[in-house]
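Note sheet for the following structure.
The values are calculated or read from the model by the stated rules, or taken from the named source; none is laboratory data. Predicted model, so just to flag it, every value in this text is computed and none were measured. Don't worry about glycine lacking a Cβ; one is built from the backbone with ideal geometry, like all the others, and counts go over all protein chains shown. Ligands, DNA and RNA are excluded from the accessible area calculation, which covers all protein heavy atoms including side chains. Shrake-Rupley method; radii C 1.70, N 1.55, O 1.52, S 1.80 Å.
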Amino acid sequence: MHDFKYRENELYCEDTMIDAIACDVGTPFYLYSRKTLENHFTAFDGAFAGTQHLTCYSVKSNSNVAVLRLFARLGAGVDVVSGGEIYRAVKAGIPADKIVYSGVGKTRDEIASALETDILMFNVESSQELALIDEVAREKGCKARIALRVNPDVDPKTHPYISTGLKKNKFGIKIEDALEEYKQAVQKEHIEVVGVDCHIGSQITEVSPFVDALKRVKKFVAQLQQEGISIRYVDIGGGLGITYDNESPPHPQEYAEAIISELGNEPYTLIMEPGRVIAGNAGILVTRVLFTKQSGAKKFIIVDAGMNDLVRPSLYDAYHGISPVKNRDRATVTADIVGPICETGDFIARGRSVPDFAEGELIAVMSAGAYGFTMSSNYNSRPRVAEVLVDGDRYHVIRARETLEDLVRLEQIPEHLQ
Ligand code: LLP
């Protein structure tokens with residue numbers, strides 16, 4: 001469910017007319033609904049209400065500090081993957097003891113800053129990383145709480161680029177090797193083993209891969225116990241999918257029920273790291289048609305948003321719904337919706353049946369709240385677009401559109417070229 005709906009023939013976000021925002025802030029821009037973000041978080045978190053748990057929203061999906069603040073106020077924790085994300089989370093008011101830190105390539109500086117912040121735990125992905133965390137914690141005279149990310153070798157049946165829980169993926173430690181790693185970890189003076197972590201992939205539209213992974217993790221936790229290693233947290237990662245087109249992913253309630261019933265009465269705190277399911281359908285990208293052109297049998301609708309603004313179609317051939325901001329009911333054409341970037345791969349939709357858009361019209365690119373702005377870049381020297389948050393009949397620019405000066409702000413011409 002989301003709050004981007006037509007009234008008469010006009011697309012609204014909650015009680016705000018999208019056309020009015022576009023006139024004010026210009027295009028393109030990302031637009032998020034506060035109500036949808038909150039509803040999605042509450043629905044997810046509430047589905048685990050009967051179980052000791054912590055919902056750690058995955059910052060990488062949408063990391064705007066205003067969005068993080070909104071979740072902080074709902075009691076959320078966060079899953080971070082860099083020093084930058086820790087910085088954002090703290091700035092937004094997420095309590096340090098609700099931050100879990102994943103990622104295959106944590107640097108010494110990032111580890112040091114996570115220890116200074118005193119985060120809840122590191123999700124460790126290799127023995128070398130574990131050794132480095134131990135070393136940095138020793139230097140700092142503290143203990144690092146850790147979980148090892150085990151790779152359960154489960155097929156999440158999703159796009160290969162976002163599948164992470166198979167042996168052939170770079171993530172985690174093979175579940176067969178993990179016991180040995182844990183034995184090593186508990187020996188380390190500056191490491192406190194507190195959990196087991198896994199994350200099998202993203203945009204998963206069935207419950208079974210999650211249950212299979214949890215089964216293996218549970219078995220593994222029992223093995224740990226036999227070795228006298230007890231843990232407090234089981235982190236099952238993120239990955240629950242959403243509807244972009246005609247997928248029918250499980251509702252968070254169904255997902256939670258399956259997880260909870262598999263978990264049984266184990267005395268752990270369950271950690272989840274949902275990103276897309278919270279933010280994906282709570283945001284859209286609003287873009288304006290610059291030109292249209294017919295090239296032989298092919299129609300192109302050229303818009304002012306490019307692959308630098310929303311890379312998912314180019315990178316994953318991802319589907320995003322295309323909706324007119326005005327005049328919903330009219331003739332359609334088959335067209336490619338393309339951006340202004342000098343690459344053939346710069347498209348938002350290809351061979352799609354869409355309204356016969358005219359020059360100057362606004363288009364809403366749907367389901368763009370997750371991995372939209374966060375994956376955007378300055379390619380082709382395009383300033384990154386504004387982000388706007390609607391709250392009922394009001395809206396706020398929560399990230400200003402970058403300026404041309406922003407583009408070159410950190411660049412310098414060395415003396416010998418002056
Ligand atoms: N936890 C970990 C360790 C992750 O790597 C991820 C996502 C998540 C949680 C959140 O997963 P979610 O609930 O959002 O599926 N850029 C891609 C998605 C990459 C996901 C990477 N990891 C896309 O646009 O589809």
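Just to be sure, is TYR57 closer than 26 Å to ASN308 by Cβ, open to solvent by less than 40 Å² (accessible area, probe 1.4 Å) and hydroxyl-bearing (Ser, Thr, Tyr)?
For TYR57, the condition - closer than 26 Å to ASN308 by Cβ, open to solvent by less than 40 Å² (accessible area, probe 1.4 Å) and hydroxyl-bearing (Ser, Thr, Tyr) - is met.
Quickly run through the range 61-84 and pick out the residues that are surrounded by fewer than 24 Cβ atoms within 10 Å (Cβ to Cβ) and assigned to a helix (DSSP H, G or I).
Listed by number, the residues that qualify are VAL65, ALA66, LEU68, ARG69, LEU70, ALA72, ARG73, GLY83, GLY84.
For the range 241-249, does any single residue satisfy the condition of being within 16 Å of the ligand (Cβ to nearest atom), within 21 Å of VAL150 (Cα to Cα) and either open to solvent by less than 10 Å² (accessible area, probe 1.4 Å) or in contact (Cβ under 8 Å) with a residue 24 or more places away in the chain (or both)?
no
The conditions are (1) in the same structural domain as VAL124 (by TED's automatic domain parsing); (2) more than 22 Å from the chain's Cα centre (by Cα); (3) open to solvent by 10 Å² or more (accessible area, probe 1.4 Å), and PHE291 fails exactly one of them. Which is it?
The one condition PHE291 does not meet is (1).
For the range 181-229, name all the residues that are of a type in the set (Phe, Trp, Tyr) and under 21 Å from the mean Cα position of the chain (by Cα).
The one that is of a type in the set (Phe, Trp, Tyr) and under 21 Å from the mean Cα position of the chain (by Cα): PHE210.
Where residues in the range 374-391 are exposed (fewer than 13 other Cβ atoms within 10 Å of the Cβ) and touching a helix residue (DSSP H, G or I) at 6+ places or on another chain (Cβ under 8 Å), which of them is nearest to HIS2 (Cα to Cα)?
ASN378
Name the strands (runs of 3 or more DSSP E) wholly within the range 240-330 that hold at least 1 residues that are modelled with pLDDT under 95?
So the answer is 283-295, 298-303.
Restricting to the range 333-355, name every residue that is surrounded by 17 or more Cβ atoms within 10 Å (Cβ to Cβ) and at positive phi.
Selection gives nothing.
Tell me, which residue of the range 294-332 that is small (Gly, Ala, Ser) and under 23 Å from SER381 (Cα atoms) is most open to solvent (accessible area, probe 1.4 Å)?
Going through the qualifying residues, I end up with SER314.
Which of the residues belonging to the range 265-290 are within 14 Å of the ligand (Cβ to nearest atom) and within 30 Å of VAL354 (Cβ to Cβ)?
Listed by number, the residues that qualify are GLY275, ARG276, VAL277, ILE278, ALA279, GLY280, ASN281, ALA282, GLY283, LEU285.
Out of all the residues in the range 167-198, which are open to solvent by less than 40 Å² (accessible area, probe 1.4 Å), part of a loop (DSSP other than H, G, I, E, B) and within 16 Å of the ligand (Cβ to nearest atom)?
ASN169, GLY172, CYS198
Any residue that is part of a loop (DSSP other than H, G, I, E, B), aromatic (Phe, Trp, Tyr) and assigned by TED's automatic domain parsing to the domain that holds PRO252 - is there at least one of those in the range 38-50?
yes
Any idea which residue in the range 1-54 is nearest to ASN327 (Cα to Cα), counting only those that are without any contact (Cβ under 8 Å) to a residue 24 or more places away in the chain and aliphatic (A, V, I, L, M)?
For the range 1-54, the residue satisfying everything is MET17.
How about the range 1-20: which of its residues are over 25 Å from the mean Cα position of the chain (by Cα), farther than 16 Å from ARG328 by Cβ and surrounded by 16 or more Cβ atoms within 10 Å (Cβ to Cβ)?
THR16, the sole residue that qualifies.
So which residues in the range 213-239 are of a type in the set (Val, Ile, Thr), more than 16 Å from the ligand (Cβ to nearest atom) and either open to solvent by 80 Å² or more (accessible area, probe 1.4 Å) or outside any helix (DSSP H, G or I) (or both), if there are any at all?
ILE229, ILE231
Which of the residues spanning the range 34-72 are more than 16 Å from the ligand (Cβ to nearest atom), more than 19 Å from ASP97 (Cα to Cα) and under 16 Å from the mean Cα position of the chain (by Cα)?
GLU38, ALA66
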